[in-house]
1. State the number of residues belonging to region 203-221 that are part of a loop (DSSP other than H, G, I, E, B) and crowded, with 23+ Cβ neighbours inside 10 Å.
2. Can you tell me which of (1) of a type outside the set (A, V, I, L, M, F, W, C); (2) in contact (Cβ under 8 Å) with a residue 40 or more places away in the chain; (3) away from the ligand (no atom under 16 Å from the Cβ) is the one GLN35 doesn't meet?
3. Among the candidates ILE78, ILE88, which residue alone is more than 15 Å from ALA228 (Cα to Cα) and either modelled with pLDDT under 95 or out of contact with any helix residue (DSSP H, G or I) (no Cβ under 7 Å at 6 or more places or on another chain) (or both)?
4. In region 224-248, what residues are polar (S, T, N, Q), touching a strand residue (DSSP E or B) at 6+ places or on another chain (Cβ under 6 Å) and within 16 Å of the ligand (Cβ to nearest atom)?
5. Can you spot a residue in region 316-325 that is within 20 Å of the chain's Cα centre (by Cα) and either closer than 22 Å to VAL26 by Cβ or part of a helix (DSSP H, G or I) (or both)?
6. Name the residues in region 198-223 that are more than 16 Å from the chain's Cα centre (by Cα), under 24 Å from ASP140 (Cβ atoms) and either more than 16 Å from the ligand (Cβ to nearest atom) or not aliphatic (A, V, I, L, M) (or both), would you?
7. Go through LEU315, LEU307, LEU254, LEU323 for me and flag whichever is touching a Ser or Thr at 6+ places or on another chain (Cβ under 9 Å), within 16 Å of the ligand (Cβ to nearest atom) and in contact (Cβ under 8 Å) with a residue 40 or more places away in the chain.
8. Pick out the one residue from GLU102, GLU115 that is crowded, with 22+ Cβ neighbours inside 10 Å and among the charged types (D, E, K, R).
Amino acid sequence: MLDKKQCMTSAAPAPFANWMLDTNDVTRVFLAASQIPDLINIAGGLPDPSTFPVQKISEISARVIRDHPNETMGYCAIEGLPALRGAIAARYSTTTLKLTAENILITTSGMQGLELIGKALIDPGDLIAGQFPTYLGALDAWRPRQPRYRNMDVHALDFDATHEIQGAKFAYTVPNFSNPTGQLVGAQRRQELALAAAETGTWLVEDDPYGTLNYDGSLPSSVLALSAAQLPSRAYDGTCVYLGTMSKQIAPGLRVGWAIASKEMIKALTLAKQGSDMCTSGITQLITLEAMNSGLIEDLQPNIVDLYRKRRDSLCAAMTEHLSDWFDWDTPEGGMFVWAKARDKRLDTDRLLTLAMEEKVCISPSSVFDALGQHRSAIRMNFTFNSEEKLTVAVQRLARATKRLIEETE
Ligand SMILES: Cc1ncc(COP(=O)(O)O)c(C=O)c1O
């Protein structure tokens, strides 16, 4: 006789949440990339590991654990360590942008800042006015909350900031060398966005992971600083939320970032963070503080910028030689990416990805930077991770894939 346990048939597990079904074929192609030998991946947005200050961080880690056992091993305040919050406030404060530690929330890197903003602001169906094309990670962070999007082209000649952000819960911009386009939003547009946010009350999320990867010139003022300049002289209480991160300044493995906002918004984000991870790791917060205080970040900067500038130039030179019959692009003044737009709009870049993978190069097609997945005529190419030689080979392979695609469509 069978006992009860043996007779039971096992039921199908309960389904995953509906938003998880909202993936596309491109995600599957990306997942396959790691299995292909000799593939050159210029799809991702990774820093070069040779820039990580391994020795220095090892020394700092040992020191902070020894000197601060409770802060490094215990739970921290949800908002972050007061000393690090104070140091971030001091780093950004100017005569018109007045910040205290209460304007700062330490986050588990930039991605968490985006996620917490979604948690604090978005109800299903709420509208986000997002700089288009839009950072994939932001779309991922907000997808479970089921927002609607209004795509903003902040570089359009007829851009009307008030009209664009009116009625949205928040506007989202990456003004310094955006991901994916690498473009810089100019001073005038920043000012218009800051004014429009104040006028409409719409929150304005300024996401700035790339400001320090600046290869050619100086940067316009941040939207946060412009927003503060319109307000009475007191601790910042405007509608801008600035997100920073150590990922491109030291190393992404630290997972340390920060949000700068009004005290009211910091309280809301803190509540959201409590249910996410309770607090950011005390070890990495103290390492970050020490790296700031010791001048390590400033010491690292010139080498990182020199390395990436050379790689950008190599990628663009190879593109000029091999891809200029089919694509247009601007050489980015900073950041990590070149955005190449197909001259012939029939050149479907999702299909190009499939052919490129056969040629052993992986690129990011524009569809992943569109909440609706409909943009299919551009590609994002990363130049920070691979050597100059590999970037050149990657472009040659991509040219072969493009030629095949053109032949297919003829
Ligand atoms: C526009 C943008 N925002 C935020 C992030 C988040 O980075 P992290 O979570 O490493 O700080 C990235 C990462 O590449 C990014 O490109």
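1. Summing the residues that are part of a loop (DSSP other than H, G, I, E, B) and crowded, with 23+ Cβ neighbours inside 10 Å in region 203-221 gives 3.
2. With respect to (1) of a type outside the set (A, V, I, L, M, F, W, C); (2) in contact (Cβ under 8 Å) with a residue 40 or more places away in the chain; (3) away from the ligand (no atom under 16 Å from the Cβ), GLN35 is out only on (2).
3. Every option except ILE88 fails the conditions.
4. The answer is THR245, and nothing else.
5. Taking every residue of region 316-325 in turn, none turns out to be within 20 Å of the chain's Cα centre (by Cα) and either closer than 22 Å to VAL26 by Cβ or part of a helix (DSSP H, G or I) (or both).
6. So the first thing to find is which residues in region 198-223 are more than 16 Å from the chain's Cα centre (by Cα), and the list is 198-203, 215-223.
Next cut, under 24 Å from ASP140 (Cβ atoms) only: 202-203, 223.
Within region 198-223, THR202, TRP203 meet the criteria.
7. LEU254
8. Answer to the check: GLU115.
The values are calculated or read from the model by the stated rules, or taken from the named source; none is laboratory data. From a predicted model like this one, the values you see are computed outputs, not experimental measurements. Every residue, glycine among them, receives a Cβ derived from its backbone with ideal geometry; neighbour counts consider all protein chains shown.
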